[in-house]
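The values are calculated or read from the model by the stated rules, or taken from the named source; none is laboratory data. Given the structure is predicted, the values throughout are model-derived calculations rather than measurements. Using ideal geometry, Cβ is built from the backbone for each residue, glycine included, and neighbour counts are taken over all protein chains shown. Side chains are part of the model used for accessible areas, which takes the heavy atoms of the whole protein and leaves out ligands, DNA and RNA. Shrake-Rupley method; radii C 1.70, N 1.55, O 1.52, S 1.80 Å.
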Amino acid sequence: MDDFRRRFLQLAIDAEALRFGEFTLKSGRRSPYFFNAGCFDSGARLGALAACYADALEAAALGFDLLFGPAYKGIPLATALACEFARRGRDLPLAFDRKEAKD
């Protein structure tokens, strides 16, 4: 297993973002695990998560020129990832949507 995958799993478990048990999902399906990205709720956790994401994207060698964070939890994740890429020397634009129409 890649180092970034191992770091991601440990981070998710430590933050209690990844939990095991018996869960009923919004869809009504039952699952033996639940993942809540909202548990990455500090600068240190978001920074560590962004480093894992950046490592995964670099390992995948995907071509991209913009980061998109879907509302709502995706916005801080994409923002942290943009900061991590900037720290590594790649300044990427960031975009996001909103769930409600703007008045």
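Under the condition of being acidic (Asp, Glu) and open to solvent by less than 100 Å² (accessible area, probe 1.4 Å), which residue from the stretch 81-103 is farthest from CYS52 (Cα to Cα)?
ASP97
Taking the conditions exactly as written (modelled with pLDDT under 95 and either surrounded by 12 or more Cβ atoms within 10 Å (Cβ to Cβ) or touching a helix residue (DSSP H, G or I) at 6+ places or on another chain (Cβ under 9 Å) (or both)), does TYR72 satisfy them or not?
The answer is yes for TYR72.
Please work out which residue is nearest to ALA17 (Cα to Cα), limiting yourself to the stretch 35-55 and to residues that are more than 11 Å from the chain's Cα centre (by Cα) and open to solvent by less than 70 Å² (accessible area, probe 1.4 Å).
Filtering the stretch 35-55 for residues that are more than 11 Å from the chain's Cα centre (by Cα) and open to solvent by less than 70 Å² (accessible area, probe 1.4 Å), the one nearest to ALA17 (Cα to Cα) comes out as SER42.
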